[in-house]
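> Here it is, the structure, as structure tokens.
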Amino acid sequence: MVSVSLSTSKPTTARADALVLGIRSEEDHDVFGPSLEAVGFTGEKGQVATFPGGDLTRARFVVAVALPSEPTAEHLRRAAGQGVRAATKGSATSVAVALHPAGVDEVAAIAEGIELGAYTYDAYKSEKRGKGRGKGGSKRKKDKLTSAVVLSPFARQTTAARAVERAATVTRAVNTARDWVNTPPGDLRPPAFADAIGTHAGDTVKVSIWDEKRLARERCGGILGVGVGSDAPPRLVSLTYDPPGAKQHLALVGKGITFDSGGLSLKPGASMQTMKLDMAGAAAIVTATVAIAELGLPIKVTAFACLAENMPSGTATRPGDVLSMRNGTTVEVLNTDAEGRLVLADGLVLATEGKPDHIVDVATLTGACVVALGDNTTGILGNDDEFRDLVFDASKTSGESMWPLPIAEEMKEKVTSSSVADLRQHNPKPAGGTLFAAAFLREFVDDTSWVHLDIAGPSFNEGSASGYTPVGGTGVAVRTLVQVATELADAR
Ligand code: BES
Ligand code: ZN
Ligand code: ZN
């Protein structure tokens, strides 16, 4: 965590190792003009340049980042993230960030960009191999950024201080979700993940963990059927935050496959390499729930993290097996790699039983969604256009790229076309895979207002870091979920 404070200082007088300076296009670059010119800074979109502080500022070096002439909150979030990453590369442990926020919301966006951009995952890097770049080019542990000061004329306003505090709470949630996704899958199997959730929730929210025996008594055949091939048994973790005076109740459900090998419908080796990401939905709903509670939002939240490891073995569920879900609906399993919808079915039934006003589930559900929307955009599906629009709008406010997809009418008959059970879990034709999966999930929410977020693309960054998005787990959906809760609480 970076400790973020506010100051009305000028860029030239702020004290820090590095100064992150936003350069708006067509701006008079005053005292920094000659230095910018010397390093060839043209202000082109996405450009970053570093030069020594010299006599111009108290900082050891300056990181110039390009901004459009009227930057949005998301431009500032990205520029702050990009700036602090460049500052950390130069071994800065403190930064002053001068990005010309137009108001308090923009100050909060800068604080978010700093906290999210400074994130690194080095839990498994050994100390003894030293700092900087080691043999073979692999990254070693580096000095971390510990403090940042955001320069703004609004620094003394209490609303600005409160916005920065909110940003710290929300980004801590995002960074915890990232840590869990990045943890090697052998070290975060369902029992360990359930314990980690309990520890993270602490006393902030009520936590209850169902083990495999309890899951059997509670008729959770989907979670059990997916987890039965692994010698680390499945878990269901439920969280409850029920503040006095709450008028709305939001239920959250998350896919928590701690490793997805595909089961007996085994994935090819290359497709398995990133499948520790398959619990990113559970990570997002848990950390968002804790953040909502820490913020004290006046809304009831119940969350259900469905944890299982999808492994092939002599005890694994076979294609052709029939599972009976929590609500008694029977499902013919035809491809054990379409496991997410099976664990979510039980989670959605449990969520529905609490009679919430709305349900949101979050899942790395289908490769088809990555084909449709690319690896940066979440698919939004559901059974309630009005609530879907609320979630879509919240995603725009939070700066997370999401886009609606339909549940095409013909999917209903495909889902109900099993000759042996009530539903079939897998459509033999891959076309519209995301829509089919959502149509399957819809069978388990009755008429409750429900949105499904397919985060298969944006949950994990396999490329290089950009903006405030690091390599690996991204913590996607956490910020949108907190925003949805904020709006529902406001609208009551
Ligand atoms: N966990 C995967 C989906 C996934 C793919 C997430 C790529 C992130 C990146 C899911 O369980 C899965 O394997 N889905 C199958 C479904 C198919 C068998 C109907 C898929 O998308 O191929
Ligand atoms: Zn799968
Ligand atoms: Zn999966």
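> Kindly indicate whether any position in region 312-333 is within 15 Å of ligand 3 (Cβ to nearest atom), farther than 28 Å from Gly202 by Cα and touching a strand residue (DSSP E or B) at 6+ places or on another chain (Cβ under 8 Å).
Just the residues of region 312-333 that are within 15 Å of ligand 3 (Cβ to nearest atom), to begin with: 312, 316-317, 333.
Filter once more, keeping what is farther than 28 Å from Gly202 by Cα: 312, 316-317, 333.
Imposing the further condition that a residue be touching a strand residue (DSSP E or B) at 6+ places or on another chain (Cβ under 8 Å) reduces the set to 317, 333.
Yes, region 312-333 contains a residue that is within 15 Å of ligand 3 (Cβ to nearest atom), farther than 28 Å from Gly202 by Cα and touching a strand residue (DSSP E or B) at 6+ places or on another chain (Cβ under 8 Å).
> Could you tell me whether any residue of region 351-370 is within 12 Å of ligand 1 (Cβ to nearest atom), assigned by TED's automatic domain parsing to the domain that holds Ala485, closer than 19 Å to Ala485 by Cβ and within 21 Å of the chain's Cα centre (by Cα)? Working first, answer last.
Initially, region 351-370 is screened for residues within 12 Å of ligand 1 (Cβ to nearest atom), giving 363-370.
Applying the additional criterion that residues be assigned by TED's automatic domain parsing to the domain that holds Ala485 yields 363-370.
Subsequent filtering for residues that are closer than 19 Å to Ala485 by Cβ retains 363.
Going one step further and asking which of them are within 21 Å of the chain's Cα centre (by Cα), we end up with 363.
Yes, region 351-370 contains a residue that is within 12 Å of ligand 1 (Cβ to nearest atom), assigned by TED's automatic domain parsing to the domain that holds Ala485, closer than 19 Å to Ala485 by Cβ and within 21 Å of the chain's Cα centre (by Cα).
> Looking only at residues that are of a type in the set (Val, Ile, Thr) and touching a Phe, Trp or Tyr at 6+ places or on another chain (Cβ under 6 Å) in region 232-267, which one is farthest from ligand 1 (Cβ to nearest atom)? Let's see the steps before the verdict.
Taking region 232-267 first, the residues of a type in the set (Val, Ile, Thr) are 237, 240, 253, 257-258.
Add one more test, that the residue is touching a Phe, Trp or Tyr at 6+ places or on another chain (Cβ under 6 Å), and what stays is 253, 258.
Details: Val253: 16, Thr258: 12 Å.
The selected residue is Val253.
> Hey, another quick one. Would a scan of region 388-408 turn up a residue that is surrounded by fewer than 17 Cβ atoms within 10 Å (Cβ to Cβ), over 26 Å from the mean Cα position of the chain (by Cα) and closer than 20 Å to Asp361 by Cα?
Yes, there is a match, as at least one residue in region 388-408 is surrounded by fewer than 17 Cβ atoms within 10 Å (Cβ to Cβ), over 26 Å from the mean Cα position of the chain (by Cα) and closer than 20 Å to Asp361 by Cα.
> To continue, here is another question. Which residue, of Ala283, Ala308, is part of a strand (DSSP E or B), crowded, with 17+ Cβ neighbours inside 10 Å and either within 12 Å of ligand 1 (Cβ to nearest atom) or assigned by TED's automatic domain parsing to the domain that holds Val181 (or both)?
Details: Ala283 fails: part of a strand (DSSP E or B).
So the residue among Ala283, Ala308 that is part of a strand (DSSP E or B), crowded, with 17+ Cβ neighbours inside 10 Å and either within 12 Å of ligand 1 (Cβ to nearest atom) or assigned by TED's automatic domain parsing to the domain that holds Val181 (or both) is Ala308.
> Taking region 172-208 only, how many residues are in a helix (DSSP H, G or I) and farther than 19 Å from Ser238 by Cβ? Can you show your working first?
Filtering region 172-208 down to residues in a helix (DSSP H, G or I) leaves 172-182, 185-187, 190-201.
Among the residues that remain, those that are also farther than 19 Å from Ser238 by Cβ are: 172, 174-175, 178-179, 181-182, 185-187.
Of the residues in that region, 10 qualify.
> Go over the candidates Ala438, Ala431, Ala456 one by one and state the one that is in contact with a Cys (Cβ under 8 Å, 6 or more places away or on another chain) and not basic (Lys, Arg). Can you show your working first?
Working: Ala438 fails: in contact with a Cys (Cβ under 8 Å, 6 or more places away or on another chain); Ala431 fails: in contact with a Cys (Cβ under 8 Å, 6 or more places away or on another chain).
Result of the check over Ala438, Ala431, Ala456: Ala456.
> OK, next. Which condition number in (1) out of contact with any Gly (no Cβ under 9 Å at 6 or more places or on another chain); (2) within 23 Å of Thr352 (Cα to Cα) is the one that Leu453 fails?
Here Leu453 clears every test but (1).
> Out of everything in region 334-354 that is under 18 Å from Thr315 (Cα atoms) and not charged (D, E, K, R), what residue ends up being farthest from ligand 3 (Cβ to nearest atom)? It would help to see each step written out before you state the result.
At the first step, the residues of region 334-354 found to be under 18 Å from Thr315 (Cα atoms) are 334-339, 342-343.
Adding the requirement that they be not charged (D, E, K, R) leaves 334-336, 338, 342-343.
Working: Leu334: 15, Asn335: 11, Thr336: 10, Ala338: 8, Leu342: 10, Val343: 9 Å.
Of everything passing the filter in region 334-354, Leu334 is farthest from ligand 3 (Cβ to nearest atom).
> For region 233-268, give me each residue that is farther than 18 Å from Thr287 by Cβ and within 16 Å of ligand 3 (Cβ to nearest atom).
Pro234, Phe259, Asp260, Ser261, Gly262, Gly263, Leu264, Ser265, Leu266, Lys267, Pro268
> Quick test of your reading of the structure: Leu334 fulfils all but one of (1) under 15 Å from Phe440 (Cα atoms); (2) of a type in the set (A, V, I, L, M); (3) buried (at least 24 other Cβ atoms within 10 Å of the Cβ). Name the failing condition by number.
(3)
> Sticking with this one: So, Val65, is that one hydrophobic (A, V, I, L, M, F, W, C), assigned to a helix (DSSP H, G or I) and under 24 Å from Glu400 (Cβ atoms) or not? Steps first, answer last, please.
On the way: hydrophobic (A, V, I, L, M, F, W, C): yes; assigned to a helix (DSSP H, G or I): no; under 24 Å from Glu400 (Cβ atoms): yes.
It is false that Val65 is hydrophobic (A, V, I, L, M, F, W, C), assigned to a helix (DSSP H, G or I) and under 24 Å from Glu400 (Cβ atoms).
> Residue under question is Thr329, and the condition is that it be more than 16 Å from ligand 1 (Cβ to nearest atom), of a type outside the set (Asp, Glu) and surrounded by 23 or more Cβ atoms within 10 Å (Cβ to Cβ); does it hold? Explain how you work it out, then say what you get.
On the way: more than 16 Å from ligand 1 (Cβ to nearest atom): yes; of a type outside the set (Asp, Glu): yes; surrounded by 23 or more Cβ atoms within 10 Å (Cβ to Cβ): no.
Considered against the rule, which asks whether it is more than 16 Å from ligand 1 (Cβ to nearest atom), of a type outside the set (Asp, Glu) and surrounded by 23 or more Cβ atoms within 10 Å (Cβ to Cβ), Thr329 comes out as no.
> For Thr57, state whether it is polar (S, T, N, Q), outside any helix (DSSP H, G or I) and without any contact (Cβ under 8 Å) to a residue 40 or more places away in the chain. Lay out the reasoning, then the answer.
Details: polar (S, T, N, Q): yes; outside any helix (DSSP H, G or I): yes; without any contact (Cβ under 8 Å) to a residue 40 or more places away in the chain: no.
Considered against the rule, which asks whether it is polar (S, T, N, Q), outside any helix (DSSP H, G or I) and without any contact (Cβ under 8 Å) to a residue 40 or more places away in the chain, Thr57 comes out as no.
> Looking at Leu405, Leu381, Leu390, Leu348, which is the one that is assigned by TED's automatic domain parsing to the domain that holds Phe460 and closer than 13 Å to Gly457 by Cβ? Working first, answer last.
Details: Leu381 fails: closer than 13 Å to Gly457 by Cβ; Leu390 fails: closer than 13 Å to Gly457 by Cβ; Leu348 fails: closer than 13 Å to Gly457 by Cβ.
Leu405 is the lone residue from the list that is assigned by TED's automatic domain parsing to the domain that holds Phe460 and closer than 13 Å to Gly457 by Cβ.
> Next question, about the same structure. Looking only at residues in region 67-122 that are in contact with a strand residue (DSSP E or B) (Cβ under 9 Å, 6 or more places away or on another chain) and among the acidic types (Asp, Glu), which one is farthest from Val476 (Cα to Cα)?
Glu70
> Ok, one more. Kindly provide the set of residues from region 251-275 that are more than 20 Å from Leu236 (Cβ to Cβ) and buried (at least 24 other Cβ atoms within 10 Å of the Cβ), ordered by number.
Correct list: Ser261 only.
Condition check ((1) surrounded by fewer than 19 Cβ atoms within 10 Å (Cβ to Cβ); (2) more than 19 Å from Met279 (Cβ to Cβ); (3) in contact (Cβ under 8 Å) with a residue 60 or more places away in the chain) across all residues:
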position	(1), (2), (3)
Gly433	no, yes, yes
Ala439	no, yes, no
Val445	no, yes, yes
Asp454	no, no, yes
Ser459	no, no, yes
Glu462	yes, no, yes
Ala465	yes, yes, yes
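> Right, here's the next one. Here's a check for you: in region 329-359, which residue that is farther than 26 Å from Ala431 by Cβ and touching a Leu at 6+ places or on another chain (Cβ under 8 Å) is farthest from ligand 2 (Cβ to nearest atom)? Quick ask: steps written out before the conclusion?
To start, the set of residues in region 329-359 that are farther than 26 Å from Ala431 by Cβ comprises 346-347, 349-359.
Going one step further and asking which of them are touching a Leu at 6+ places or on another chain (Cβ under 8 Å), we end up with 346-347, 350-351, 356-359.
Numbers: Asp346: 16, Gly347: 16, Leu350: 21, Ala351: 22, Pro356: 27, Asp357: 31, His358: 27, Ile359: 22 Å.
For region 329-359, the residue satisfying everything is Asp357.
> Condition first: small (Gly, Ala, Ser) and in contact (Cβ under 8 Å) with a residue 12 or more places away in the chain. Now tell me which residues in region 212-242 satisfy that. Outline the logic, then answer.
Within region 212-242, the subset small (Gly, Ala, Ser) is 216, 221-222, 225, 227, 229-230, 232, 238.
The answer is Gly221, Gly222, Gly225, Gly227, Gly229, Ser230, Ala232, Ser238.
> Shifting gears a bit: Ala345 is checked against (1) part of a loop (DSSP other than H, G, I, E, B); (2) over 20 Å from the mean Cα position of the chain (by Cα); (3) surrounded by 21 or more Cβ atoms within 10 Å (Cβ to Cβ) and fails just one. What number does that condition carry?
So Ala345 meets the others, but not (1).
> Looking only at region 295-305, which residues are of a type in the set (Gly, Ala, Ser) and either crowded, with 17+ Cβ neighbours inside 10 Å or within 16 Å of ligand 3 (Cβ to nearest atom) (or both)?
Our first condition is that a residue be of a type in the set (Gly, Ala, Ser); within region 295-305, this holds for 296, 303, 305.
Within region 295-305, Ala303, Ala305 meet the criteria.
The values are calculated or read from the model by the stated rules, or taken from the named source; none is laboratory data. As the structure is a computational prediction, the values presented were derived from the model and not from experiment. Counting neighbours? That spans all protein chains shown, and the Cβs are built from the backbone with ideal geometry, glycine included.
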